[in-house]
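Asks: Below: one structure in structure tokens.
The values are calculated or read from the model by the stated rules, or taken from the named source; none is laboratory data. Since this is a predicted model, take the numbers as computed values, not measurements. We place every Cβ from the backbone using ideal geometry, glycine too, and count neighbours over all the protein chains shown.
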Amino acid sequence: MVPGLVGLPNVMHGGAGYAYNMGCRCEVCVGAWNARHRELRAWRSDTVATDDVEHGIVSTYSNRGCRCDACRYAKSEANRRRLSRAKSAR
């Protein structure tokens, strides 16, 4: 059993992030998680939004870094919906 992963001793560490998502914070899982997200951030910054992507959706704002009016509006609406759901859940 790997220290830091209580109750899931047979889970592969440092792989696709399953153990990290389940709460493991061992050095192997944290290192793999950080490396994967560094790769994703680099990919997102290298792939600039152009006219060949769909605008006005949250994923274009988040993944492609597009800040056109349509994408900013989609993101702000998603934030409003998320916040109103959180307030109504209280």
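Asks: Got a number for residues in the stretch 58-76 being in a loop (DSSP other than H, G, I, E, B) and either out of contact with any Lys or Arg (no Cβ under 9 Å at 6 or more places or on another chain) or of a type in the set (Lys, Arg) (or both)?
Replies: Within the stretch 58-76, residues that are in a loop (DSSP other than H, G, I, E, B) and either out of contact with any Lys or Arg (no Cβ under 9 Å at 6 or more places or on another chain) or of a type in the set (Lys, Arg) (or both) number 2.
Asks: Continuing with the same structure: Can you report the number of residues in the stretch 38-86 which are at pLDDT below 85, more than 24 Å from residue 17 (Cβ to Cβ) and of a type in the set (Asp, Glu)?
Replies: Here the count works out to 2.
Asks: Let me ask you something else. Given the condition among the hydrophobic types (A, V, I, L, M, F, W, C), under 26 Å from residue 39 (Cβ atoms) and without any contact (Cβ under 8 Å) to a residue 24 or more places away in the chain, answer yes or no: does some residue in the stretch 77-88 qualify? So that I can check it myself, show each step before the final result.
Replies: Initial filter on the stretch 77-88 (among the hydrophobic types (A, V, I, L, M, F, W, C)): 78, 83, 86.
After this cut, where a residue has to be under 26 Å from residue 39 (Cβ atoms) as well, the list is 78.
Retained after the next criterion (residues that are without any contact (Cβ under 8 Å) to a residue 24 or more places away in the chain): 78.
Yes; the residues of the stretch 77-88 include at least one that is among the hydrophobic types (A, V, I, L, M, F, W, C), under 26 Å from residue 39 (Cβ atoms) and without any contact (Cβ under 8 Å) to a residue 24 or more places away in the chain.
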